[in-house]
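J.: Structure below; questions to follow.
The values are calculated or read from the model by the stated rules, or taken from the named source; none is laboratory data. Predicted, not measured: the structure shown is a model, and the values here were computed from it. Here the Cβ positions follow ideal geometry from the backbone for every residue, glycine too, while neighbour counts run over all protein chains shown.
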């Protein structure tokens, strides 16, 4: 299990083999494409393809996402770890993405980080 809690600081860098990502550890609320209780619907086709790989339609656990499978104890730790890297790389590789796309990607990333740390959904 990973614990990415950083005392007295909300900004920190997550470094992976291929990239480093600045993470802001705070609740993410109000984004137009993000609702932690249902799979995201995204306008960017590449980003929607990523979301489709993280969420399984018709799943009986939570919102069908990898984060909920991790929280429920159904494994997916390796998949969660790989997607933390992949989402971080997408953010780094797409600096011109729409604010909504970046926000939604950060939200999916934060949900996985929270799940891997044994926490509930990020946010209030």
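J.: Only residues that are assigned to a loop (DSSP other than H, G, I, E, B) and at pLDDT 90 or above: list them for the stretch 104-124, please.
T.: Of everything in the stretch 104-124, nothing turns out to be assigned to a loop (DSSP other than H, G, I, E, B) and at pLDDT 90 or above.
J.: Still on this structure, I have one more. Quick check, is residue 57 more than 13 Å from the chain's Cα centre (by Cα), free of Cβ contacts under 8 Å to residues at least 40 places away in the same chain and within 21 Å of residue 41 (Cβ to Cβ)?
T.: So residue 57 fits the description; yes.
J.: Taking the criterion of being on the phi > 0 side of the Ramachandran plot and under 15 Å from the mean Cα position of the chain (by Cα), would at least one residue in the stretch 66-89 satisfy it?
T.: There is at least one residue in the stretch 66-89 that is on the phi > 0 side of the Ramachandran plot and under 15 Å from the mean Cα position of the chain (by Cα).
J.: Another question about this same structure. Look at the stretch 78-112 and say how many of its residues are closer than 18 Å to residue 52 by Cα and touching a residue at least 12 places away in the same chain (Cβ under 8 Å).
T.: Residues in the stretch 78-112 being closer than 18 Å to residue 52 by Cα and touching a residue at least 12 places away in the same chain (Cβ under 8 Å): 24 in total.
J.: A further question on this structure: Out of the helices (runs of 4 or more DSSP H) lying entirely within the stretch 3-103, which hold 1 or more residues that are loosely packed, with under 11 Cβ neighbours inside 10 Å and at pLDDT 85 or above?
T.: So the answer is 45-54, 77-93.
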